[in-house]
Structures are given as C-alpha cells and as structure tokens.
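I have a structure here, written as structure tokens, and I will follow up with some questions on it.
The values are calculated or read from the model by the stated rules, or taken from the named source; none is laboratory data. Predicted model, so just to flag it, every value in this text is computed and none were measured. Note that each Cβ is placed from the backbone with ideal geometry, even for glycine, and that neighbours are counted across all protein chains shown. The protein model used for the area step is the full one, side chains on, heavy atoms only, and it has no ligands, DNA or RNA in it. Shrake-Rupley method; radii C 1.70, N 1.55, O 1.52, S 1.80 Å.
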Amino acid sequence: MEFRHLRYFLALADELHFGRAAQRLAISQPPLSWNIQQLEQSMGARLFVRNSKSVRLTEAGRAFAPAARALLTQADEAARLARDVQRGVSGMVRVGFVSSMLYRGLPRLLRAHQQNHPGIRIRSFEMNSQSQIVALSHDQIDVGFVHTTQAPSELSRAMFSSEPFVCCLPADHPRTRARRIAPADLQAEVFVMFSREASPDYHERVLSICAAAGFLPDIRHEVRHWLSVVSQVAHGFGVALVPKAVRRAAVAGAVFVPLKEVAVQSQVYCVWRQSDDNAALLALREDISAQAISAGGPGW
C-alpha cells in the first residue's frame with residue numbers, strides 16, 4: 001500500500017465515478033482502475049462494487065475511508081512539519097549556559113527569540129563549561145555558553161562577551177567607598193571562590209589576578225554558583241572577585257567596586273557543533289550574534 005493508493009481510493013470514494021475521480025486526480029481512467037485493484041489486492045478486501053452504470057463503496061470500503069483519510073492527513077502534517085523544520089520556523093533548540101549568563105542578557109535574548117519564532121521550542125539547561133562541552137559532543141544540547149577556550153576541534157566557538165572583574169565586598173567593609181581597589185589591597189582578606197571543579201577557567205583567572213598582585217588568596221569558602229558567591233560575601237564570609245555582570249544579581253548586603261590595573265577579563269564563548277544543520281539553531285545563532293555586537297562584543 002502506498003500513499004498514492006490512498007489518494008486514488010479517497011477520490012473515487014468521494015466521487016463514486018471513475019471519470020470524475022480521474023479528472024480530479026489529473027490522470028486517465030486506466031491508471032486509476034489499476035491502482036484501485038492494487039490497493040484491494042494488497043489489503044485482501046474488496047472496496048468498491050462497480051458495474052457499467054454505477055460505483056459504490058462496499059462495507060469494507062466504508063470502514064476503510066475514515067482511516068485512509070486520517071493517514072493522509074497525518075502524512076501531510078508530517079511533511080509540513082519537515083518543511084517547517086528545514087526552513088527554521090519549527091523545531092527545538094537545546095541551550096546550555098553557565099550561571100553568569102543569567103546576568104548577561106540570556107533570559108531576555110531567549111524570550112525575544114521565542115516571541116519572534118513562536119514555532120521554535122527552546123529548552124535551557126544550566127551546566128558548567130565542561131559539562132556543556134561533553135553534552136555538545138553527545139548531541140544532548142545544540143548550543144552552549146561557556147567560559148573555557150578548551151573545546152574539541154569539531155566545535156565552533158565565537159566570543160559572546162568580555163568584561164572586567166570587580167571586587168565584591170560585604171556592605172560593612174571599610175573599602176566599599178573606594179572608587180577602585182587594587183588586588184594587592186586584598187591580600188589579607190578571606191576569599192569566597194568559585195569552585196575549581198565547577199569552573200577551572202574562572203578559578204584560574206581569579207588566581208592569576210591575585211598572583212599578579214604578589215599573593216595567593218586565602219580561600220576558605222568554595223561554592224558552585226555565582227549567586228552563592230555573592231550571597232556568601234553579603235553574609236560577611238569574605239570578599240570575592242566576580243564578573244561585572246554579576247552586579248545585576250542585586251543581592252542585599254553586597255557591594256561591588258571596580259578593580260584597578262587588572263587586564264584579565266571575564267569572557268563567555270558561544271559554542272556549537274560545526275556539522276549541525278539545524279535551521280532553528282542557525283536562526284538563534286543570528287540573534288546571539290546580534291546581541292553580542294549590540295553589547296559591544298567582537299561580532300562573528
């Protein structure tokens with residue numbers, strides 16, 4: 001049984017006349033008769049009673065008609081869905097992100113993209129950088145936002161943002177009124193640090209800032225999320241060096257002061273599989289690129 005057989009059957013079932021059904025299908029009568037015979041043989045059931053004067057459905061034909069119509073409708077819907085996915089107006093994109101992206105405009109970007117592409121489903125997953133690299137390699141996400149520059153050759157990468165680190169202090173710290181703080185002024189402080197296991201790149205960047213100032217930080221508290229870092233500082237557990245965007249967390253009791261003479265930047269990269277032909281992903285990447293450029297990023 002082929003879809004062609006179903007279309008021919010339904011045309012004849014509607015018209016109950018070989019001439020009109022053939023005209024509707026834009027074919028001659030012999031191919032129509034031949035295809036109806038093929039369908040009946042494949043099913044092992046007679047679908048029509050026909051003679052020189054009339055054509056009518058058998059009981060089997062009447063039972064088969066709604067099922068045949070439903071099958072063709074499903075096939076048409078499946079074909080339409082495939083076309084929409086290829087055009088990028090339907091489908092799904094799975095987005096991985098590090099927690100700091102919550103303060104770098106990702107929610108706004110995804111919400112705007114969803115409004116402009118209502119047929120696209122977006123699923124988002126908070127993961128550390130290394131977990132995203134693994135998930136991309138195993139086709140568990142389609143695009144990621146990571147801090148690391150270490151990625152397999154099969155992944156493409158473009159910088160999304162680059163911004164300075166700032167010092168996060170408890171509100172009652174004596175240096176909260178300073179216009180800028182030199183890292184060397186923090187060498188006697190207790191540090192709250194982003195876990196090396198959760199993000200080795202960030203951990204190393206903070207250590208490099210302190211090392212360039214001539215000291216190793218006294219790390220007594222390690223956490224796995226930036227909001228936890230800022231919250232620990234707000235509760236007086238120590239100080240921290242965090243990306244400038246984290247200020248948008250607006251945690252009561254935490255104050256952010258710019259650092260002076262620090263060249264190290266907090267960078268986020270967008271990564272995806274080079275071989276991915278997902279049109280919905282391409283549309284999202286265009287919006288990501290536009291936001292990177294509008295935010296003063298390097299562009300793609």
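Give the percent of DSSP beta bridges with both residues in the chain that are antiparallel, rounded to the nearest 5.
Taking every DSSP beta bridge with both residues in the chain, the antiparallel ones total about 60 percent.
Counting only other residues whose beta carbon sits under 10 Å from that of R94, what net charge do I get with K and R as +1, D and E as -1?
Around R94, the charge tally is 0.
Once the piece of chain linking R111 and H221 is laid out straight, how much longer is it, given 0.36 nm per residue of separation minus the C-alpha distance between them?
36.1 nm
Tell me, what is the per residue accessible area of the chain in Å², probe radius 1.4 Å?
Result: 52 Å² of accessible area for each residue.
Let me ask you something else. Once you have a ≥ b ≥ c as the square roots of the Cα gyration tensor eigenvalues for the chain, tell me rounded if a/c is under 1.5, and otherwise prolate or oblate according to whether a/b is larger than b/c.
It comes out prolate by the Cα gyration axes.
Still on this structure, please answer the following. Can you give the local net charge around P200? Use residues other than it whose beta-carbon is closer than 15 angstrom to its beta-carbon, Lys and Arg +1, Asp and Glu -1.
Spelling it out: positives minus negatives among the neighbours equals -1.
Quick one: net charge of V49's neighbours, Cβ under 13 Å, K/R +1, D/E -1?
That works out to +3.
While we're on this one: From the square roots a ≥ b ≥ c of the eigenvalues of the alpha-carbon gyration tensor of the stretch 131-227, which class results: rounded (a/c under 1.5), prolate (a/b over b/c), or oblate?
Since a/c reaches 1.5 and a/b is larger than b/c, the shape of the stretch 131-227 is classed as prolate.
I'd like the carbon and sulfur percentage of the solvent accessible area for the stretch 90-212, probe radius 1.4 Å, heavy atoms only, ligands and nucleic acids excluded.
Carbon and sulfur together cover 47 percent of it.
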